[in-house]
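The values are calculated or read from the model by the stated rules, or taken from the named source; none is laboratory data. Since the structure is predicted, the reported quantities are computational estimates derived from the model, not experimental observations. We place every Cβ from the backbone using ideal geometry, glycine too, and count neighbours over all the protein chains shown. With ligands, DNA and RNA removed, areas are computed over all heavy atoms of the protein, side chains included. Shrake-Rupley method; radii C 1.70, N 1.55, O 1.52, S 1.80 Å.
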Amino acid sequence: MTWKKFRIFRKTDEQSFNCESKISKFEKIKVFKSLPKEEWKPAFNALNEIIGANLKEYGFKKKGRKHYRLTNDLLEIIDVDNRGSWSGTKDTIEIRIGLVPYCWEGLTKEYYLVGSKKIEEIDKTIRKHFRISQEYLLLADYLSERIIRNVLPYFEKYNSTKKITNQPYIFPYQASHLTFDTYNGHLLILFAEIKQHKVNKSIEILDKLIEVSMRFENELELKKWTKIKTLIENNDWNSIDKILTKNELIELNKLKIKPLTNKVT
């Protein structure tokens, strides 16, 4: 089988109509034609390349299975994932959306995206249960269109730590269950508050992270969380800002993404 790559979003009315026809065609499919297991991976890779090509003009950079865009002081991440737990590649696709404060080492590498939401939580009308089938090209068109239409406006609403601290209820978390939080909402709220020099929720979350580090005897994490908590309690925001700025430059260099001028509105 030849794995094709193509763009779907054009500027003419006729091409726009063709795109809408392909989306509608995918939505009307009742029975999908299976692919042999050995073709799942190349089909998935081709599908994600198409999504990446469509997102590129909106400022996203594809790296592995993830698509990154830097806006203000957050990384907007779209994770198109088909990894199995122990079986390797699978024929189902899960898409998660993340808002990642990249001012702390390791946040961009979290297994579960920071500020994570499943795409169906953002786009309530999207078709569920995406599978890698012979119709993978139509699926690539469909997912690209849905991301551009519904996910990008979502990013616009919450694309800075300032906006996050103004609407923290959008990213709920339970302080007593941080180690089981697959949404990592607490890390988004923690670093959004620290970036905006706020104290209340950041201290609450840090206390829990310190407790967890002690329970699992993780000396390195314990030292980092304790240090940042002490600086906050001493109101030493100058030192905190220097630490965060240094971390941001390191993380952006790893991802080969250039820092932007802050454009919060």
Notebook entry, point to check: Taking only pairs six or more apart or across chains, which ones have beta-carbon atoms under 6 Å, a first residue in segment 106-128 that is closer than 12 Å to residue 188 by Cα and in contact (Cβ under 8 Å) with a residue 40 or more places away in the chain, and a second residue that is charged (D, E, K, R) and not in a loop (DSSP other than H, G, I, E, B)?
Noted result: 108/251; 113/79; 113/96; 116/96
Note to self: I'd like to verify a number: residues in segment 107-158 that are more than 13 Å from residue 32 (Cβ to Cβ), part of a loop (DSSP other than H, G, I, E, B), of a type outside the set (A, V, I, L, M) and open to solvent by less than 60 Å² (accessible area, probe 1.4 Å), how many?
What the structure shows: 4
Item checked: In segment 182-205, the residues that are free of Cβ contacts under 8 Å to residues at least 40 places away in the same chain and buried (at least 21 other Cβ atoms within 10 Å of the Cβ) -> 186, 189, 190, 193, 202, 205
Item checked: Test: residue 223 is open to solvent by 40 Å² or more (accessible area, probe 1.4 Å) and either modelled with pLDDT under 95 or in a loop (DSSP other than H, G, I, E, B) (or both) -> no
Margin query: Looking at segment 87-122 only, could you name the residues that are of a type outside the set (Ser, Thr, Tyr), touching a Gly at 6+ places or on another chain (Cβ under 7 Å) and within 18 Å of residue 160 (Cα to Cα)?
Written below: 98, 99, 100, 113, 114, 115
Item checked: Members of segment 206-219 that are in contact (Cβ under 8 Å) with a residue 24 or more places away in the chain and open to solvent by less than 30 Å² (accessible area, probe 1.4 Å) -> 206, 209, 212
Next item on the list: Quickly run through segment 63-87 and pick out the residues that are outside any strand (DSSP E or B) and open to solvent by 40 Å² or more (accessible area, probe 1.4 Å).
Entry: 64, 65, 85, 86, 87
